Each structure stands twice: as C-alpha cells, then as structure tokens.
1. Per-residue counts of other Cβ atoms within 10 Å, averaged by peptide: what ranking do you get for 213-220, 168-175, highest first?
2. In nanometres, what is the gap between the two model label sites at I76 and Q50, each 7 Å from Cα along Cα-to-Cβ?
3. Tell me, what is the percent relative contact order of the range 2-97, built from C-alpha pairs under 8 Å that lie six or more residues apart?
4. Using the reciprocal of the averaged 1/r over all distinct C-alpha pairs, how large is the Kirkwood radius of the range 158-284 in Å?
5. Amide H of F175 versus every other amide H placed in the peptide plane: which residues, excluding those fewer than 5 positions away on the same chain, fall under 5 Å?
6. Describe numerically, in nm with one decimal, the distance between label points set 7 Å from Cα along Cα→Cβ at E62 and at K211.
7. Considering only lysines 8 or more places apart in sequence, or on different chains, count the pairs in the range 1-92 whose C-alpha atoms sit under 27 Å apart.
8. Enumerate the amide H contacts of K165 below 5 Å, restricted to partners 5 or more residues apart or on another chain; note that Pro and chain-start residues carry no placed amide H.
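Throughout, read-outs are computed from the coordinates displayed, never taken from laboratory work. Given the structure is predicted, the values throughout are model-derived calculations rather than measurements. FYI the Cβ positions are ideal-geometry reconstructions off the backbone, even for glycines, and counts take in every protein chain you see.
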Amino acid sequence: MKNNKKEANKDITQQIVRKYQQYLKLEKSLSKNTLDAYDHDLDKLLAFLQPANISILEVTLEDLQQFAAGLHDIGIHARSQARIISGVKSFFNFLIMADYIEADPSELLEGPKIGFKLPEVLSLEEIDAIIAAIDLSKKEGQRNRAILETLYSCGLRVSELCNLKISDLYLDEGFIKVEGKGSKQRLVPISPKAIREIDLYFMDRNQTLIKKDYEDYLFISKRGKNISRIMVFHFIKELAQQANVTKNISPHTFRHSFATHLLEGGANLRAIQSMLGHESIATTEIYTHIDRNMLRNEIIEHHPRNIKYRLRE
C-alpha cells in the first residue's frame, strides 16, 4: 500500500513539474539559464520531501522551514539559500494559480538575512592594464581584446556576449542588438574603440574553421563554436593576475564598471537602466550606492573642514 502511494505521489509530482516548466518557459519567457536555476531549486526541495514520502500538494510551512534549515546546515551560502527559497516560493505561487492547492505554505517562509554588498568596480586604469596584458601574438589575443572592449563598452552580461551574433551588429550606426533575460531585445551603443577591435578581430576570425550552425556567432572558440561563459571567466582571471589587479573580478565586473563610470560621468539613471536591460529601476539603483561612496570619499578628501582637521593632525 505504501509503495502504491509513493508511486502515485511520484506520478502526480512529475505531471505538476512538467506543467510548471511549461508555464515558466511559455508564460514567463525566462532564459534557459534562469529556467535551469528554477529546476535545480525545485529538485532540491523534491529530494528533501522524497524520503519522508511527502506529497508536493501536502507540504506544510513546517516542512519548508526544515528544508530551509537543512540548506543552512549543509553550508550553502546565504545568497544561494535566498535564491533557492525564492524559487520554491515561485513554485507554490504556480500551484495556487493553477488551483492545485488553496493555501500557500511558503507564504510565511523567510529567507536568510543578507547584508548589502557592493560589487567590485574597476578603475579605468585597471581596465586598461588588464587589456594591455593580452598577448596579441597568440591566435586568440585579438579576439580577447575585442571581447573585453565590448564587455566594457556595452555593459553586457557574459551570456549576452557569448550569444552575440554578426547579424546583431550595426557598427556603421554605432549600435549592437542584444538579447537579454526573457529573450528581450535591446539596442546598445558601442564605442568606436570596441568597433575598431572587432574589425581587427574579423581578420583572425575569417581564418578560423567554424562549425555548422555557428557561422553567425561573433566570438568563436578554438573548437569552432561560440565561446563559453567559463572560457571568458577563466581568461579574465588570468589577465587580472598578470596585470597585478588584486580585486576579485569576473566578466560581470566589467558590466558593473560600465554602469558606475557612466553614473560618475553624469549619465541619467534611466538611460543606464535601458542600456543594462534591467526590467526594474530598483536593480539599477545599486549604482547610486556606489556613486554615493565615491561622493563621500571626494567630500572627505576635499571639504575645507576635513583639510583643516588633517593639517592639525
């Protein structure tokens, strides 16, 4: 009897999960990376419920609190815990909406407290030093130079960079078309410097053997396919080390630096939001915190009261 119930629970769960995945893909239009993240979050919950044979439709708040406590106990970082719990809440919201359950057990589920942490930002000198560390005698040298100039010039997510296509380039007009989260497209200005590096890269690219179906991708790996996020992450880490940049950086650091430098230069926050592809202005407002830090340092450094105080010391 127990086995029959277990099999029935399993079948029902699989049906519901499939419908949830269809909902995320078709109704929410999420990117593949986001869909994968939601799947992984849900898999963790299902793996927790399975040994106790708890049906997904009978989950209680207490069950979810034990699940959340388990995430902490096995050492998952607070930010990852928060993301997983957010994914779980999304699933139960779907169950309510699809009339599978009447009450949401995740409604009072709390995530871990996360302190506000400003992202690392590179100075223009550090960006120049990292790009200067590229060995142009290597076959991939000019490609990597074009990649970094494009990342910094356009403030792209690394996934957007890896999926950038030649047909997305409007270099004569000074724009590129970017497909961001949820398959949303936007036009982003590209600097003359980045355009020049891309033009130089085309000379190397034209001599690269490119696999079928990858001909339109801009940045190509040695294997003839579009470059991967891991590859970009790896060579940026290496270049930073060679340039003696000790900050903990990633491809995303160039995006943060792009936005911060624009704000420092007086760009409108709404314009930055549009270029970054942020759905909400609240996401872009993180850069105002960075700018306020810079402003505070400037005031401390140059305000007459502070100068007199330092002179007395």
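1. Sorting 213-220, 168-175 by mean packing, highest first, produces 213-220, 168-175.
2. The two pseudo-label positions are separated by 1.5 nm.
3. 33
4. 16.2
5. Y170, I190
6. In this crude label model, E62 to K211 measures out at 5.2 nm.
7. 26
8. Answer set, sorted by chain and number: L218.
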